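Written out below as structure tokens is the structure these notes cover.
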Amino acid sequence: MSMHDENALREQIATLGQSLFDRGLTMGSSGNISVRTGDGGWLMTPTNACLGRLDPARISRLDRDGRLLAGDKPTKESFLHTAMYEQRPQSGAIVHLHSTHSVAVSCLPEVDPCDCIPPLTAYYVMRVGRLPLVPYHVPGDPSLGDAVRGLAGQHSAVLLANHGPVVAGKSLEAAVYATEELEETARLYLLLRGQNPRTLTPEQVAELEARFPRD
Ligand SMILES: O=C(O)[C@@H](O)C(=O)COP(=O)(O)O
Ligand SMILES: [Zn+2]
């Protein structure tokens, strides 16, 4: 990857991080973002950094073995990100947020751990699909990577119990869009809770999946 391309990616991470933060999709220094680089390594947001105020030059650059090459110490969730990439060669970026409604769903005792949010809308099916719950782990614990590894091959998004969503996309833009859609659908799900909403039928979901395959 040329220096020019790397710098453009650094700028894009900072711009989209600020956009997510400014719209209240993650707070304080929560959340992290990574993007795969052309040489098999990654750019990752530094640990304890606010996504709303990222300095592109300080974003961590890791090689294919996860060693830090440049920038600040990476997110403590680097294991989680690399575990997900390992299972998803088609994914170019990952976003993890503490977006309020998604976190709320991750705390509900009644959610189906194989599929936390029902197919309420077509766009949710197109962007996210089936969303499994990953049992609670201490943030940054390498065991979280192992837990995600078993699910990431089949799912581009997972929900960490009592923590938040982790969403992969072909590009950073795609991962951000899917994370936004997940958050809005979590909000709808909470709004409709107890009202027995009509969801899409399995046939409607299958049709969407055939016409709009996800990455
Ligand atoms: O919840 C956590 O502690 C992490 O998952 C997180 O969101 C922020 O950690 P860093 O990326 O290490 O700042
Ligand atoms: Zn987190």
- In the range 1-34, the residues that are under 24 Å from D63 (Cα atoms), open to solvent by 20 Å² or more (accessible area, probe 1.4 Å) and in a helix (DSSP H, G or I): M3, H4, D5, N7, A8, L9, E11, Q12, T15, L16
- Take the residues of the range 31-41 that are touching a Gly at 6+ places or on another chain (Cβ under 8 Å) and within 16 Å of ligand 1 (Cβ to nearest atom): which is farthest from M3 (Cα to Cα)? G31
- Spot the failing condition for Y177; the list is (1) within 16 Å of ligand 2 (Cβ to nearest atom); (2) closer than 23 Å to T75 by Cα, and only one is missed. (1)
- Within the range 132-147, the residues that are among the hydrophobic types (A, V, I, L, M, F, W, C) and closer than 14 Å to S106 by Cβ are L133, V134, L144, A147
- Task: Mind listing whichever residues of the range 71-89 are outside any loop (DSSP other than H, G, I, E, B) and either of a type in the set (F, W, Y) or more than 12 Å from the chain's Cα centre (by Cα) (or both)?
- Result: P74, S78, F79, T82, A83, Y85, E86, Q87
- Query: Conditions: (1) farther than 18 Å from P142 by Cα; (2) assigned to a loop (DSSP other than H, G, I, E, B). L43 meets all but one. Number of the miss?
  - Reply: (2)
- State whether one or more residues within the range 47-58 are at pLDDT 95 or above and closer than 21 Å to V148 by Cβ. yes
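The values are calculated or read from the model by the stated rules, or taken from the named source; none is laboratory data. This is a predicted model, so every value here is computed, not measured. Cβ: placed from backbone, ideal geometry, glycine included. Neighbour counts: every protein chain shown. Just so you know, the surface numbers come from the protein's heavy atoms only, side chains and all, with ligands and any DNA or RNA stripped out. Shrake-Rupley method; radii C 1.70, N 1.55, O 1.52, S 1.80 Å.
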